[in-house]
Amino acid sequence: MSHSTVPRPGAEAKTPDRPPASGDAARSRPPGEKHVRRLNLRLRFRRDRTLILMTLPAVLLLLVFNYIPILGNVVAFQDYDPYLSDNGFVAMLESPWVGLEQFERIFADSAFWHAVRNTFVLFFLQLVLFFPVPILLALLINSVVRPRVRAVAQAVMYLPHFFSWVLVVTVFMQIFGGAGIIAQTLRQHGVDGFDLMTNPETFKYLVTVEMIWKDAGWGIIVFLAALSSVSHDLYEAAAMDGAGRWRRMWHITLPALRPVIALLLVLRVGDALTVGFEQLLLQRSAVGVDASEVLDTYVWWNGIRNQDFSYAAAAGLIKGMVGVALVLVANKVAHLMGEQGVYKK
């Protein structure tokens, strides 16, 4: 006996379910949903209040020393005179506005463009010679089998990171200076006139070597932390498939380091215009202005030391804007290479 498919009188035909429109969804929300969200936020705050209190001092320090001083960039568009008032903020309000006059002075100064050229030369040299060194040393330390030897090597390489630039320059002077160990040894063998610390032609290479000796250890720790997350099962599986040490490094180790390398490279490019203020200032008198003048020392000598604060602020603002542009470009390149970079797409 067949059942009739005709609906009974008074019965409504069922329609297939469809998702409500955005406006219908907003109207169909229960009236207490906002209260529930507020309650969840309150519960999460109570749950994480200890972590919030722990991060609060760091957030305040970042706000006071990094974000509030950004307001002082307005002096780049003024003829700022700090002696107009005992209060620096009041002096900033009373200083006359000059528009883009400070920027015109900077772009018309040949010494500024010389400092820019030296800055980029040192940056590219350090990018080529300094950046790969922590990666290579991290791979070398990671290949050491004994954990005690690995820990000692890592500690020895990381120790110079805690030295001040005064101590670093002093150590290099005792080795490569005119009265250093190498010069005295050469003098005993009839060779005179060796003084690498006062040679303007090789100064950029000397600065790069000093930076490698001082800061390569910090990069080693970063890359070793990335390598520690690689599963040993991958190495064992590759070894069972017949892959040698070099193939395992090329197909397992380096791909594991690739995201960290991309991130640090983006950050290094963003910091391109900062190539070591204290390091270069300490050696300025030994090699001369032409070899050691970069943007940071240019701002110091022409702005801060001469109390031309508006000029220094304008130069610093240009440096910051170029740095932001370099970060955006480098991060876009990282995205094109399939890496996340500093932030996601």
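The values are calculated or read from the model by the stated rules, or taken from the named source; none is laboratory data. What you see is a predicted model; the values in this text were computed from it and never measured. Cβ coordinates were reconstructed from backbone atoms using ideal geometry, including for glycine residues, and neighbour counts include every protein chain displayed. We work out accessible area using only protein heavy atoms, side chains counted, and drop any ligands, DNA or RNA first. Shrake-Rupley method; radii C 1.70, N 1.55, O 1.52, S 1.80 Å.
Here E94 fulfils each of the conditions (1) more than 28 Å from the chain's Cα centre (by Cα); (2) open to solvent by less than 80 Å² (accessible area, probe 1.4 Å) apart from (2). Restricting attention to the range 40-85 and to residues that are of a type in the set (S, T, N, Q) and in contact (Cβ under 8 Å) with a residue 40 or more places away in the chain, the residue that is most open to solvent (accessible area, probe 1.4 Å) turns out to be N73. Residues in the range 74-92 that are within 19 Å of N306 (Cβ to Cβ) and among the polar types (S, T, N, Q): Q78 only. Scanning the range 137-155 for residues that are assigned to a helix (DSSP H, G or I) and under 15 Å from M249 (Cα atoms) yields a total of 6.
Of the residues examined, F89 is one that is at pLDDT below 90, assigned to a helix (DSSP H, G or I) and not assigned by TED's automatic domain parsing to the domain that holds V209.
As an exercise: evaluate M321 against (1) in contact with a Phe, Trp or Tyr (Cβ under 9 Å, 6 or more places away or on another chain); (2) at pLDDT 80 or above; (3) open to solvent by 50 Å² or more (accessible area, probe 1.4 Å) and give the number of the one condition it does not meet. (1) is the only condition that M321 fails.
Looking at the range 171-183 only, could you name the residues that are over 15 Å from T202 (Cβ atoms) and open to solvent by 60 Å² or more (accessible area, probe 1.4 Å)? Within the range 171-183, Q174, A179, I181 meet the criteria. Considering (1) modelled with pLDDT under 90; (2) open to solvent by 80 Å² or more (accessible area, probe 1.4 Å); (3) not aliphatic (A, V, I, L, M), the lone condition that F107 does not fulfil carries the number (1). For A256, the test of being touching a Leu at 6+ places or on another chain (Cβ under 7 Å), closer than 25 Å to V333 by Cα and part of a helix (DSSP H, G or I) is passed. Within the range 265-289, residues that are under 15 Å from V207 (Cβ atoms) and open to solvent by 30 Å² or more (accessible area, probe 1.4 Å) reach partners that are in a helix (DSSP H, G or I) and polar (S, T, N, Q) with beta carbons closer than 6 Å, at six or more positions or on different chains, in the pairs L281/T297; R284/S292; A286/T198. Within the range 237-256, residues that are farther than 17 Å from L224 by Cα and at pLDDT 80 or above have Cβ atoms under 8 Å from residues that are charged (D, E, K, R) and surrounded by 13 or more Cβ atoms within 10 Å (Cβ to Cβ) in these pairs: A238/R247; A238/R248; A239/R248, counting only partners at least 6 apart in sequence or on another chain.
Within the range 275-284, the set of residues being at pLDDT below 85 and not in a helix (DSSP H, G or I) comprises V275, G276. When F124, F194, F172, F120 are checked against the criterion of being part of a helix (DSSP H, G or I) and more than 24 Å from the chain's Cα centre (by Cα), a single residue qualifies: F172.
Taking each residue of the range 331-345 that is polar (S, T, N, Q) and looking for partners that are surrounded by 15 or more Cβ atoms within 10 Å (Cβ to Cβ) with beta-carbon atoms closer than 6 Å, six or more apart or interchain, yields N331/V266; N331/G341. Residues that are over 27 Å from the mean Cα position of the chain (by Cα) and surrounded by fewer than 17 Cβ atoms within 10 Å (Cβ to Cβ) are absent from the range 213-226.
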